[in-house]
Amino acid sequence: MTALLSILVLVFILVAIWQMVKIFDLTQSVTARSDNQVANDKDNKINGYLMLGFLVFIYVITIICFVKWGDLPLMSNSASEHGPGIDNLMIISMIIIFFVQTVTQFLLHYFAFKYRGEKGKKALFYADNNKLEAIWTIIPVIVLAVLIIQGLFTWTTIMNVNEENDPLILELYAQQFNWKARYGGEDNTLGKANVRLIDINRANILGVDESDPNAQDDVITTELHLPVGRPVLFKMRSQDVLHSAYMPHFRAQMNCVPGMITQFGFTPTVTTEDMRETPEMQDKVANINKIRVDKSKDLVAKGEQALDPYVFDYLLLCNKICGKSHYNMQMKIIVETPEEYNAWIKTQKVFKDSLID
């Protein structure tokens, strides 16, 4: 590390010296500078064609990236009821961005070629053109307004969880560097909780109010189980720093803020087993396992243990850099049938029985 820093410092010093020499050269009188620093028609022509060449390069490399690495149609594998709406909004935004980028890059490089400097030629320019300014102002305003309004409607639809649909109420509790889930139990009502009530000696790790009747049947787990087709309303807390509950396949993300409760709701639509059977996921898993097999050969050759085969699972991740082990802050999510979920929840220990006397 010391050697690397020394090299970087040396490089920066050389760059600084080079810049100082350039500045000194530019401060000299016009007669003192050599004439070869003034671009002539040949230089301008070469640079004009280089601009066209770079434009072709941009388009070619873009096409290659789409064909070889593009995951068309850009967004897929959403597993929540609102997921397709989020995906459509993203796809529309990407198409508009790609179209604008393609047109503007063409105009930028083409005009650099067409209006390159030539001796005796004076470029035609407009000091002011209200019509053009109105056009390139109004069009972006309309496009952005449509995107923003559609985004607001989409966000409102997601966040307005109708409690008449009997959503499953559960809490996501974030701390450096793990997640805990707390279910409302048979009454589907979470008991009161506060970080000041945390009592490690009694195994009250989430600070649940032991005197609250609604808390007695709460269930605390390290694995998140969700019944498919039933709305879920997450209440989120953080014990220490700012975290972010991110569930990519459900197109869900919400900050977990110390000192307050945030919430997010969605309805899972695809079970874990069904997602594993989709062709896209099977191809992805096969590709990951192929890479793992290749890496395992090197590990075994060194006397180390081979990597386990990858099996797809939904994951809850932290999407805020919350500390040195941020990358390891994740929890498995299992989406299953209502029958499977009911059978699982019955096997879990309720809060009142988990305390240590």
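The values are calculated or read from the model by the stated rules, or taken from the named source; none is laboratory data. Small disclaimer: the values here were computed from a predicted structure and weren't measured. With ideal geometry, Cβ positions are generated from the backbone for all residues, glycine too; neighbour counts draw on all protein chains shown. Surface accessibility is based on the protein's heavy atoms, side chains included, excluding ligands, DNA and RNA. Shrake-Rupley method; radii C 1.70, N 1.55, O 1.52, S 1.80 Å.
Give LYS180/LYS346; LYS45/LYS131; LYS235/LYS352; LYS42/LYS114 a once-over and call out the pairs whose C-alpha atoms are over 23 Å from each other.
Values: LYS180/LYS346 18 Å; LYS45/LYS131 32 Å; LYS235/LYS352 21 Å; LYS42/LYS114 14 Å.
Where the Cα-Cα span goes over 23 Å, the pairs concerned are LYS45/LYS131.
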Worksheet, complete the sentence: Expected max-MSF residue from ASN178, ASN130, ASN188 in the GNM of the chain (alpha carbon, under 10 Å) is ASN130
Practice prompt. List, in order, the whole-Hz ³J(HN,Hα) value for each residue of the stretch 304-321 obtained from phi through the Karplus relation with A = 6.51, B = -1.76, C = 1.60 and θ = phi - 60°; use x for Gly and Pro.
Written response: 9, 7, 5, 6, 6, x, 7, 10, 5, 9, 5, 9, 9, 10, 9, 10, 10, 6
Worksheet item: Which label belongs to the value computed from this structure, given these candidates for mean projected area of the Cα convex hull in nm²: [x] 30.3; [y] 18.0; [z] 22.4?
Response: [x]
Worksheet entry | Two-site label geometry, GLN263 and GLN19: point separation in nm, points 7 Å out along Cα→Cβ | 5.3 nm
Practice prompt. Order these peptides, 340-349, 83-92, by their mean beta-carbon neighbour count within 10 angstrom, highest first.
Written response: 83-92, 340-349
Worksheet item: What percent do you get for the relative contact order of the chain when only Cα pairs under 8 Å and 6+ apart count?
Response: 17 percent
Response to the item:
So, with points 7 Å from each Cα along the Cβ direction, the LEU315-GLN253 label distance in nm works out to 1.5 nm
Item to complete: Using Cα positions and a limit of under 14 Å, work out the aspartates and glutamates in reach of LYS297, with same-chain residues fewer than 8 apart set aside.
Response: ASP308
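What percent antiparallel are the DSSP beta bridges of the stretch 118-251, to the nearest 5?
Details: 11 of 18 bridges.
Antiparallel: roughly 60 percent of the beta bridges in the stretch 118-251.
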Worksheet item: Once amide H atoms are built 1.01 Å from N in the peptide plane, which residues 5 or more positions from LEU168, or in another chain, come under 5 Å H to H?
Response: VAL232, LEU233
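Roughly speaking, what is the stretch gain from ASN289 to VAL103, that is 0.36 nm per residue apart minus the C-alpha to C-alpha distance, in nm to one decimal?
Details: separation 186, 0.36 × 186 = 66.96 nm, distance 4.07 nm.
Additional length available on full extension: 62.9 nm.
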Worksheet item: Computed over the Cα atoms of the stretch 39-191, what is the ratio Rg over Rh, Rh following Kirkwood?
Response: 1.21
Worksheet item: THR156 to ASN130: extension gain in nm, 0.36 nm per residue of separation minus the Cα-Cα distance?
Response: 5.5 nm
Item to complete: Could you work out the relative contact order of the stretch 193-315, using alpha carbon pairs under 8 angstrom and six or more residues apart, expressed as a whole percent?
Response: 17 percent
Discussion item. Can you compute the helix-only [θ] at 222 nm over the chain? Use -39500 (n - 2.57) per DSSP H run of at least 4 residues, normalise by all residues, nearest 500 deg cm²/dmol.
Written reply: -15000 deg cm²/dmol
Worksheet entry | Heavy atoms of GLU118 accessible to a 1.4 Å probe, total area in Å² rounded to 10 | 80 Å²
Item to complete: Give, as ranges by residue number, the residues of the stretch 305-342 whose backbone N falls under 15 Å from the point 7 Å along Cα→Cβ of GLU223.
Response: 311-316, 331-337, 340-342
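Give me the percent of the accessible area of the stretch 245-357 that comes from carbon and sulfur atoms, probe 1.4 Å, all protein chains in place. Before the final figure, lay out the partial values.
Working: 3670 of 6960 Å².
Carbon plus sulfur share of accessible area: 53 percent.
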Practice prompt. Pull up the cross-link candidates among the lysines for LYS68, meaning alpha carbon to alpha carbon under 19 Å and not fewer than 8 places away within one chain.
Written response: LYS284, LYS290
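Classify the stretch 164-230: rounded, prolate or oblate, from the alpha-carbon gyration tensor (a ≥ b ≥ c, eigenvalue square roots; a/c under 1.5 rounded; otherwise prolate if a/b is larger than b/c)?
oblate
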Worksheet, complete the sentence: Sorted on mean Cβ neighbours within 10 Å (highest first), peptides 106-116, 286-296 come out as 106-116, 286-296
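Treating the beta-carbon of each Lys and Arg as +1 and of each Asp and Glu as -1, no other charges, what is the dipole magnitude of the chain about its Cα centre, to the nearest 20 debye? All intermediate terms of the calculation are to be shown ahead of the outcome.
Numbers: 33 positive and 39 negative charges, 453 e Å.
With Lys and Arg at +1 and Asp and Glu at -1, about 2180 debye.
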